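The values are calculated or read from the model by the stated rules, or taken from the named source; none is laboratory data. Note that this is a predicted model, so its numbers are computed, not measured. Neighbour counts run over all protein chains shown; Cβ positions are idealised from the backbone, glycine included. We work out accessible area using only protein heavy atoms, side chains counted, and drop any ligands, DNA or RNA first. Shrake-Rupley method; radii C 1.70, N 1.55, O 1.52, S 1.80 Å.
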Amino acid sequence: MDVTQLNVDELFQKSVVWDAHCGMDPQVPIDVNSLERIRKAGFTFVSTNAGYDVLPWHETFPVIAACRHFLKENTDKYVLVSSVADVLAAKRDGKLAVSMDIEGISALNGTTDLIETYHTLGVRQISFVYNKDNLGGGGCHGDNTGITPFGRDVVREMNRVGIIVDGTHCSPVTSIDLAETSSKPIVISHSNSRVLHDHPRNIWNEQALACANTGGVVGITGIRIFLTKAGDKTSDIDLLVRNIDHYCELIGPQHVGIGTDFAEITNALSTRFANATDYWPPEHYPAGADLGFVDIEVFPQLTAALSARGYSNKDISGILGGNFMRVAAANWE
Ligand SMILES: [Zn+2]
């Protein structure tokens, strides 16, 4: 697609707009309101989470089942996709393409056998660790340990069946180990820069560089506590652009994308935070504090904001989704 002559509105309409991870709470019933807002905001694709280490591993399956059921009941608006060809067909048909991801390999219950099963059910991306060290490696709130021998087996099996390896929520060492172990491009699907804002959920430059060296993509994410310190009045869009500028300068615009982490679940999460402080240490997730989920409708504004800053249409289209789609093609096919 030649995008060079398009105006800002046309560029957004013609581009594949890829949300590498929304923050839908993985429980039944699934959060269809958030999915609908993502669709209405003009996204082409979203990866929605079906489980994470905080919950017992087997609770992942009812969420996957509910998600599959909802999508099959609403084929006028949504489609569960298996391939990039499916995503492009959804774009042509004006539907939101959806696949699922899991945050943390505790969902494997200690065996690589389950990876192919998850793939069969529609999971196309797994972030290795969720904040706290698990059987595969270190979490961003752990002791900065690296990947384990089991973790290496998991990467090999994910590469074989076609599930994207995601270094989000991992320790710095583990995310770099993932990049060095994977034979396919990896992603860090929803992590802002720790150089710009020193929160442990954010990533250092070395992690972004390791991801990009695989041909991979880092996704900027829309939660205020990962964007800036409390009390900062800078607008959401300016904070997102600041992260895009940083990553583009560091690793090049072809390695930058969007992982919104969007969901309408702030209150539910506050309760969960209080009950699982080993996953969300209170010093980094203060009780009762507003996490500040950036509205999904803000992300389309990136098109005009990046254009005004001199980004080329080709680079903007890649950041909106073409870059993540390239990684998906390399992993899924
Ligand atoms: Zn996450």
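What are the residues in region 295-316 that are hydroxyl-bearing (Ser, Thr, Tyr) and either in contact with a Phe, Trp or Tyr (Cβ under 9 Å, 6 or more places away or on another chain) or at pLDDT below 95 (or both), if any? Residue satisfying the conditions is 303 alone. Do you know which residues across region 78-101 are in contact with a Ser or Thr (Cβ under 7 Å, 6 or more places away or on another chain) and in contact (Cβ under 8 Å) with a residue 60 or more places away in the chain? Within region 78-101, 87, 91, 98, 101 qualify. Scanning region 15-34 finds no residues that are away from the ligand (no atom under 16 Å from the Cβ), in a helix (DSSP H, G or I) and within 17 Å of the chain's Cα centre (by Cα). The combined condition, being touching a Lys or Arg at 6+ places or on another chain (Cβ under 9 Å), closer than 28 Å to residue 133 by Cβ and not β-branched (Val, Ile, Thr), is fulfilled by residue 262. Exactly one residue among 194, 201 is of a type in the set (D, E, K, R), within 16 Å of the ligand (Cβ to nearest atom) and farther than 17 Å from residue 127 by Cα, and that residue is 194.
The set of residues from region 315-325 being under 15 Å from residue 46 (Cα atoms) and either of a type in the set (Val, Ile, Thr) or open to solvent by 40 Å² or more (accessible area, probe 1.4 Å) (or both) comprises just one member, 319.
Using the structure shown, decide if residue 6 is in contact (Cβ under 8 Å) with a residue 60 or more places away in the chain, away from the ligand (no atom under 15 Å from the Cβ), surrounded by 17 or more Cβ atoms within 10 Å (Cβ to Cβ) and part of a helix (DSSP H, G or I).
Considered against the rule, which asks whether it is in contact (Cβ under 8 Å) with a residue 60 or more places away in the chain, away from the ligand (no atom under 15 Å from the Cβ), surrounded by 17 or more Cβ atoms within 10 Å (Cβ to Cβ) and part of a helix (DSSP H, G or I), residue 6 comes out as no.
Name the one entry in 244, 225, 258, 296 that is open to solvent by 20 Å² or more (accessible area, probe 1.4 Å), in contact (Cβ under 8 Å) with a residue 60 or more places away in the chain and among the hydrophobic types (A, V, I, L, M, F, W, C). One residue alone meets the criteria, 225.
Right, residue 63: within 24 Å of residue 325 (Cβ to Cβ), open to solvent by less than 10 Å² (accessible area, probe 1.4 Å) and either part of a helix (DSSP H, G or I) or of a type in the set (Asp, Glu) (or both) or not? The answer is no for residue 63. Among the residues that make up region 35-58, is at least one of them touching a residue at least 24 places away in the same chain (Cβ under 8 Å), crowded, with 20+ Cβ neighbours inside 10 Å, assigned to a loop (DSSP other than H, G, I, E, B) and within 12 Å of the ligand (Cβ to nearest atom)? Yes, that holds for at least one residue.
Pairs linking a residue in region 157-172 that is over 18 Å from residue 20 (Cα atoms) and in contact (Cβ under 8 Å) with a residue 40 or more places away in the chain to a residue that is open to solvent by 10 Å² or more (accessible area, probe 1.4 Å) and within 11 Å of the ligand (Cβ to nearest atom), with Cβ atoms under 7 Å and 6 or more positions apart or on different chains, are 171/140.
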